[in-house]
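Have a look at the structure below, then the notes.
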Amino acid sequence: MSTNLGQLTRAVADARAGNITAFSRLVVLTQDMAYAVALRVIRQKADARDAVQDAYLTAFRRLTELVDDQAFAGWLRRIVISRFVTSLTRKGWRVPSASGGSLLPQK
């Protein structure tokens, strides 16, 4: 695990410096995790793939905002979930707070 974390941390630092190949490495190192998170939340393979793709685009654009390089995987997880919630609200669904409830159509 520490080797993977080391590779991930190096790739984040290199990608932040503008190395596109390093960002590709980040995708390779985290794509299984990102897809698993998306599939667990979304439960539709195509929508999960779309959410992951959107999440990587967001991560690429906002990489300079990441404070701790070692936190990339958790940060990416939050982006994946956020992309899903955003897509639901655009489709007219109301997403309840974290305190519970289910997804409800807007009235």
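Some values worked out for this structure:
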item	result
Note, ³J(HN,Hα) from phi for region 11-27, Karplus 6.51, -1.76, 1.60, rounded to Hz, x at Gly and Pro	5, 4, 4, 5, 5, 4, 7, x, 7, 5, 4, 5, 5, 4, 4, 4, 4
Residue order, fewest to most surrounding Cβ atoms within 10 angstrom, among W75, W93	W93, W75
Amide H partners (placed H, <5 Å) of W93, local residues excluded	Q106
Neighbour-count ranking [beta-carbon atoms within 10 angstrom, fewest first] of Y56, Y35	Y35, Y56
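FYI, it's all coordinate maths here, none of it is from the lab. For clarity, every value in this text was computed on a predicted model and none was experimentally measured. All Cβ positions, glycine included, derive from the backbone under ideal geometry; neighbour counts span all protein chains shown.
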